[in-house]
Structures are given as structure tokens and as C-alpha cells.
Amino acid sequence: MSTLGSVAPCFPVSDVGKTIRWYQEYLGFTGYPFPEHEPYVFGIMARDNIEIMLQRIQGYEKPDLYSTRRGGVWNAYIRMKGVKEFYNEIRDRVEILMPLKKQPYGDWEFEVKDPNGYVLVFSELIRAD
């Protein structure tokens, strides 16, 4: 029987190094770029059990799709523990598209926009408040 272990979104970006530095400084990720020196062509960013991969495309600009769908368009949905604490830690340092709120389906979520325009949703199911 086959078992899938995890998935890592892969974002095209124009500057892998700049993106890694932003994720390290503002969201606490660790970056693993390739090759050893800039300009990097690839990178992996990791925090806890989450990985996001980066592929360099010279001059790439991500289209802004967020407003094309009611409720936004997301690029990564990250389930976590301690979402309220994490929100309070980063909310004044990053672009928040949707502040922390309880959703009708029970999850607490907030949305962040990274410097490339990717939308990350951080979510936790909290049954008792």
C-alpha cells in the first residue's frame, strides 16, 4: 500500500535570496539556497514540518489573483498549533490580508501576503476558546 508523506508548494520567484531572507526574518523559516552563492536558482525554506520551494525565473512577476475570487486566492494553506500567538508575533511586521478570525467551519485563520504576492493562510482548529 502506498502512503503519501507531505507536499511542498513550489513558488516561481525572480529573486530566491531576497525571498529566503524575508521568510527567515519575518516568519522564522530557515533557508537552503542553491548554488552556494547568489544568484540562487533554487531554494528550500523550512520551518517545523513545513517546506516551501523556490524556483528562480528571471524577471518573474506573479499575477495578482487574490481579488478574482470571493474569499481570496491562496497559494499555501498551513495548518499549525499556536496560531493566535504566531499572529500576535508577526501581525505588525508583515502584510496581513485577513486578520485572525474564527471561520464558520471552526478554524481560526489569518492570511499573509509575501513580497512576491503569494498568499499564505495560517490555520488552527481550536475547539474551545
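Would it be correct to say that ARG70 is over 19 Å from VAL16 (Cβ atoms) and touching a residue at least 60 places away in the same chain (Cβ under 8 Å)? Give the derivation first.
Numbers: over 19 Å from VAL16 (Cβ atoms): yes; touching a residue at least 60 places away in the same chain (Cβ under 8 Å): no.
No, not satisfied.
All but one of (1) in contact (Cβ under 8 Å) with a residue 12 or more places away in the chain; (2) not assigned by TED's automatic domain parsing to the domain that holds LEU120 hold for VAL83; state the number of the condition that does not hold.
(2)
Inside the range 37-107, counting only strands (runs of 3 or more DSSP E) that do not spill past its ends, which hold 1 or more residues that are surrounded by 11 or more Cβ atoms within 10 Å (Cβ to Cβ) and touching a Ser or Thr at 6+ places or on another chain (Cβ under 8 Å)?
Values: elements: 42-47, 50-56, 76-79, 95-102.
So the answer is 42-47, 50-56, 76-79.
Could you list all residues from the range 4-13 that are under 19 Å from VAL119 (Cβ atoms), without any contact (Cβ under 8 Å) to a residue 60 or more places away in the chain and of a type outside the set (A, V, I, L, M)?
In the first step, residues of the range 4-13 are kept if they are under 19 Å from VAL119 (Cβ atoms); the result is 7-13.
Filter once more, so that each one left must be without any contact (Cβ under 8 Å) to a residue 60 or more places away in the chain: 7-8, 10, 12.
Correct list: CYS10, PRO12.
Regarding GLY59, is this residue among the small types (Gly, Ala, Ser), closer than 16 Å to GLY17 by Cα and modelled with pLDDT of 95 or more? Walk me through how you get there before you give the answer.
Details: among the small types (Gly, Ala, Ser): yes; closer than 16 Å to GLY17 by Cα: yes; modelled with pLDDT of 95 or more: yes.
Answer is yes for this residue.
Select, from PHE110, PHE34, PHE29, the only residue that is free of Cβ contacts under 8 Å to residues at least 12 places away in the same chain and hydrophobic (A, V, I, L, M, F, W, C).
Working: PHE110 fails: free of Cβ contacts under 8 Å to residues at least 12 places away in the same chain; PHE29 fails: free of Cβ contacts under 8 Å to residues at least 12 places away in the same chain.
PHE34 is the lone residue from the list that is free of Cβ contacts under 8 Å to residues at least 12 places away in the same chain and hydrophobic (A, V, I, L, M, F, W, C).
Inspect the range 65-74 for any residue being of a type outside the set (Gly, Ala, Ser), under 16 Å from the mean Cα position of the chain (by Cα) and modelled with pLDDT of 95 or more and give the result as yes or no. Before the answer, list the steps.
Taking the range 65-74 and keeping what is of a type outside the set (Gly, Ala, Ser), we get 65-66, 68-70, 73-74.
Adding the requirement that they be under 16 Å from the mean Cα position of the chain (by Cα) leaves 65-66, 73-74.
Narrowing further to those that are modelled with pLDDT of 95 or more: 74.
Within the range 65-74 (the criterion being of a type outside the set (Gly, Ala, Ser), under 16 Å from the mean Cα position of the chain (by Cα) and modelled with pLDDT of 95 or more), the answer is yes, since at least one residue qualifies.
Let me spell it out: the conditions are (1) more than 28 Å from ASN88 (Cβ to Cβ); (2) among the charged types (D, E, K, R); (3) at pLDDT 95 or above, and GLU36 meets all of them except one. Which number is the exception?
So GLU36 meets the others, but not (3).
Across the range 1-35, what is the total count of residues that are in contact with a helix residue (DSSP H, G or I) (Cβ under 9 Å, 6 or more places away or on another chain), surrounded by 12 or more Cβ atoms within 10 Å (Cβ to Cβ) and not small (Gly, Ala, Ser)? Please lay out each step first, then the result.
Step one: of the range 1-35, the residues in contact with a helix residue (DSSP H, G or I) (Cβ under 9 Å, 6 or more places away or on another chain) are 11, 13, 26-34.
Narrowing further to those that are surrounded by 12 or more Cβ atoms within 10 Å (Cβ to Cβ): 11, 13, 26-29, 31-34.
Applying the additional criterion that residues be not small (Gly, Ala, Ser) yields 11, 13, 26-27, 29, 32-34.
Residues that pass the stated criteria total 8.
I need a count of the residues in the range 15-51 that are of a type in the set (S, T, N, Q) and within 14 Å of ASP114 (Cα to Cα).
Within the range 15-51, the first condition is being of a type in the set (S, T, N, Q), and the residues that meet it are 19, 24, 30, 49.
With the extra rule that they be within 14 Å of ASP114 (Cα to Cα), the set shrinks to 19, 24.
Of the residues in the range 15-51, 2 are of a type in the set (S, T, N, Q) and within 14 Å of ASP114 (Cα to Cα).
The values are calculated or read from the model by the stated rules, or taken from the named source; none is laboratory data. Since the model is a prediction, treat every value here as computed from it, not as a measurement. Methodologically, a virtual Cβ is constructed for each residue, glycine included, from the backbone with ideal geometry; neighbour enumeration extends over all protein chains shown.
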